[in-house]
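Remarks on the structure that follows.
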Protein chains: 2
Amino acid sequence: MPNAVELSAPAPFRQVEAPAPVVAIVGATGAVGVELLACLAARGFPLGGLRLLASARSAGRTLDFAGRAVAVDELTEESFRGVDIALFSAGSDISRRYAAAAVKAGAIVIDNSSAFRVDPDVPLVVPEVNAAALAGHRGIVANPNCVAAIATVALAPLHRARPIRRLAAATYQAASGAGTAAMEELRASTAAWLHGEPFEPTVLPHPYAFNLFSHNAAVDPETGYNGEELKVIAETRRLLDAADLPVGITCVRVPVLRAHAMALTMTFDEPLSPDEARRLLTAAPGLRVVDDRAANHFPMPSEASGRDEVLVGRIRTDLGDPSGRSLCLFVAGDQLLKGAALNAVQIAELLLRR
Amino acid sequence: MPNAVELSAPAPFRQVEAPAPVVAIVGATGAVGVELLACLAARGFPLGGLRLLASARSAGRTLDFAGRAVAVDELTEESFRGVDIALFSAGSDISRRYAAAAVKAGAIVIDNSSAFRVDPDVPLVVPEVNAAALAGHRGIVANPNCVAAIATVALAPLHRARPIRRLAAATYQAASGAGTAAMEELRASTAAWLHGEPFEPTVLPHPYAFNLFSHNAAVDPETGYNGEELKVIAETRRLLDAADLPVGITCVRVPVLRAHAMALTMTFDEPLSPDEARRLLTAAPGLRVVDDRAANHFPMPSEASGRDEVLVGRIRTDLGDPSGRSLCLFVAGDQLLKGAALNAVQIAELLLRR
């Protein structure tokens, strides 16, 4: 029987009127799973219980949650009895296999994989962008791809003021998007490089130390776009409710550990001045404007890492569009937080409020 | 008196009919200076003599050239007596101060700084792109900015077949563009990070270990574009002989040592198919097409480093342009070679042939 920790007062959690939900984390030992735990604790998420689930390989380990050791159980179809919210972050195959069992057991699934992101019956939600979409859920809510989540936090306030008609993006993506093993491969291969030692990559397909490469998702032989790029295109359209938005994108993996960055260029019907954009972005939730031209201080992964807000800067009119209707931004956001765990917990918070 | 090494037979250099030129390198001890020496040796450049010049601080050092130790002299206005070709790579101030003296002494200056790149009396040359422009020189030839040089090698064959009407670029620039000290700062700060030790950057304005940041060139307060971006725009237009080409660009410094990469999107009047583009790029000089969709193998800094050719791949129609008239490329080239030293030596070779 799953080893659910029953959390009763005096607990370090915010007390609420309604019974606090029992939350399960599927993939608790992964890069995102660990951050989900940290987000729940840091945000004082009201917990009636916490169940940590992972593959048989990880079962029996314990993870720290707000100073308590919580045992990790093996994920089975029986794992969801009594669970109110199931946060899935163990890849698409696991989500496809177990989400229905969780829903059947009465849980609402918030899925961090790409399994349901383009399913019209499953809302894809970034709370700052399209919280209203959550209302239509039928037991599963999809958490977007990290690039789409981070980008749309910056795009939405502009899109609301003046619809975006075209979007171009080039990404600078961190190792964390490929999991903890990729982060460790970046560290280990860089250490080997600095010591003049050989290193054979096993997680990512190319050398990573002081190197970068086109995103490792499989490339569609027809269009030449890789799976990551096609995800970002489809999900950005859904999140911005702009089904036909033309999106061009190049996704690149850079030797950074956990925060993504991206250069975005958006085209409007009429020019949007950098000052007006700055005003909109400054007033928007989940964003922090970092745009100090004099100090050459703009969004950087080092300052986005471990931070809830998405950083946005380099706000300027695109010199590449002679019509003056295009605007450029540079954005950085923590891939494991807004790009994954934080957004999932924010969705759970929205569910509680409803 | 400058310490010119007179090189006579039996020398490891190609023998030519005309008297071989005496070559001076200004900034011989810098990152590009060292590569200039290596390029001259590797290409068997015919040398009647070699003079290495640097600041008083570096004078007295010796550098290896094809197995010989060559002394470094202090740069003065008298350094250019008897010099036929002076390769300058010591920054704009030095070029502005000493180029006239070199020309007055009878040398042709090939200048790797930005001092003369937009001077209409000074041709800006990438041999694969606009060799004919060299004919108009009046003693000084400008070697382009590294991004402009690398990008235009890939852009020119397409532009010749079908004029580019608009260009968008996002760069992934290596430490080498900021000199050997920046390369060392990347290495040292990364080693410190891996050992959990603090590191205070002194060369670049931001932490560099596993981080990236908007290019460190000063930002124009009016447009919000930094000096690097404005250089690339102006120089790309000159090199492609497209004075009004709209160019949008975001320049970013990434934790890579010596090869730049860039995502390029170009718009034509009529669609250019990826197959046709691949054919043109495959046939073009100075390029190597690396575009294996099945193996997810595309241009990478690790494979561009130390290599003369610019790598080009990810050749695909831009999904962000609904007219189908835009094409994307991903390019990687050695910043110290095609982005600097190699291009300068190629210009010198062109001068010899004339």
remark   = When (1) closer than 18 Å to B:R165 by Cβ; (2) part of a strand (DSSP E or B) are applied to B:P271, the one that fails is (2)
note = Only one of (1) under 16 Å from the mean Cα position of the chain (by Cα); (2) part of a strand (DSSP E or B); (3) at the interface with chain A (Cβ under 8 Å from one of its Cβ atoms); (4) not β-branched (V, I, T) does not apply to B:L257, and that is (2)
note = Of (1) surrounded by fewer than 19 Cβ atoms within 10 Å (Cβ to Cβ); (2) closer than 24 Å to A:R162 by Cα; (3) of a type in the set (D, E, K, R); (4) out of contact with any Asp or Glu (no Cβ under 7 Å at 6 or more places or on another chain), A:R278 satisfies every one except (4)
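With A:M266, A:M262 as the choices, which residue is closer than 15 Å to B:L319 by Cα, crowded, with 24+ Cβ neighbours inside 10 Å and assigned by TED's automatic domain parsing to the domain that holds A:R165?
On the way: A:M262 fails: closer than 15 Å to B:L319 by Cα.
Being closer than 15 Å to B:L319 by Cα, crowded, with 24+ Cβ neighbours inside 10 Å and assigned by TED's automatic domain parsing to the domain that holds A:R165 holds for just one of A:M266, A:M262, which is A:M266.
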remark   = Of those in segment A:134-159 that are over 14 Å from the mean Cα position of the chain (by Cα) and without any contact (Cβ under 8 Å) to a residue 60 or more places away in the chain, the residue farthest from the other protein chains (Cβ to nearest Cβ) is A:G139
message = Could you tell me how many of the residues in segment B:236-250 are in contact with a Lys or Arg (Cβ under 6 Å, 6 or more places away or on another chain) and β-branched (V, I, T)?
response = 0
Hey, A:G139 modelled with pLDDT of 95 or more, surrounded by fewer than 24 Cβ atoms within 10 Å (Cβ to Cβ) and of a type outside the set (S, T, N, Q) or not = yes
task = Give the residues of segment A:98-132 that are among the hydrophobic types (A, V, I, L, M, F, W, C), touching a residue at least 40 places away in the same chain (Cβ under 8 Å) and not in a loop (DSSP other than H, G, I, E, B), sorted by residue number.
result = A:A99, A:A102, A:I108, A:I110, A:L124, A:V129, A:A131
request  = Filter segment B:183-241 for residues that are of a type in the set (G, A, S), over 21 Å from the mean Cα position of the chain (by Cα) and more than 9 Å from chain A (Cβ to nearest Cβ) and give the result.
outcome  = B:A188, B:S189, B:A192, B:G196
ask   = Which residues, counting only those in segment A:293-305, are surrounded by 17 or more Cβ atoms within 10 Å (Cβ to Cβ) and either under 19 Å from A:L280 (Cβ atoms) or without any contact (Cβ under 8 Å) to a residue 60 or more places away in the chain (or both)?
value = A:R293, A:H297, A:F298, A:P299, A:M300, A:S302, A:E303, A:A304, A:S305
ask   = of a type outside the set (K, R), under 16 Å from A:G320 (Cα atoms) and not in a loop (DSSP other than H, G, I, E, B) - does that describe any residue in segment B:170-188?
value = yes
message = Yes or no: segment B:217-225 includes at least one residue that is surrounded by 22 or more Cβ atoms within 10 Å (Cβ to Cβ), at pLDDT 95 or above and over 18 Å from A:A304 (Cβ atoms).
response = yes
inquiry  = Please verify whether B:T29 is within 19 Å of B:G306 (Cα to Cα) and among the polar types (S, T, N, Q), treating the condition exactly as stated.
reply    = yes
message = Could you check segment A:260-269 and list, in sequence order, the residues that are more than 7 Å from chain B (Cβ to nearest Cβ) and among the aliphatic types (A, V, I, L, M)?
response = A:M262, A:L264, A:M266
key: Scope segment B:306-320; condition crowded, with 21+ Cβ neighbours inside 10 Å, touching a residue at least 40 places away in the same chain (Cβ under 8 Å) and in contact with a Pro (Cβ under 7 Å, 6 or more places away or on another chain); matching residues   = B:V312, B:I315, B:R316, B:G320
inquiry  = When you check A:H260 against the structure, is it in contact with a Lys or Arg (Cβ under 7 Å, 6 or more places away or on another chain), of a type outside the set (A, V, I, L, M, F, W, C) and under 25 Å from A:A304 (Cα atoms), yes or no?
reply    = no
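Anything in segment A:29-45 that is part of a helix (DSSP H, G or I) and not β-branched (V, I, T)? List them, or say none. Lay out the reasoning, then the answer.
Within segment A:29-45, the first condition is being part of a helix (DSSP H, G or I), and the residues that meet it are A:31-42.
Listed by number, the residues that qualify are A:A31, A:G33, A:E35, A:L36, A:L37, A:A38, A:C39, A:L40, A:A41, A:A42.
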key: Residue that is crowded, with 20+ Cβ neighbours inside 10 Å and touching a helix residue (DSSP H, G or I) at 6+ places or on another chain (Cβ under 6 Å), where the choices are A:P123, A:P46   = A:P123
remark   = The residue that is nearest to A:S95 (Cα to Cα), considering only those in segment A:59-77 that are part of a loop (DSSP other than H, G, I, E, B) and within 23 Å of the chain's Cα centre (by Cα), is A:L75
ask   = So B:R117 fits all but one of (1) over 30 Å from B:P271 (Cα atoms); (2) of a type in the set (K, R); (3) surrounded by fewer than 17 Cβ atoms within 10 Å (Cβ to Cβ); what number is the exception?
value = (3)
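The values are calculated or read from the model by the stated rules, or taken from the named source; none is laboratory data. The shown structure was predicted, so the numbers you read here are calculated from the model rather than taken from an experiment. Don't worry about glycine lacking a Cβ; one is built from the backbone with ideal geometry, like all the others, and counts go over all protein chains shown.
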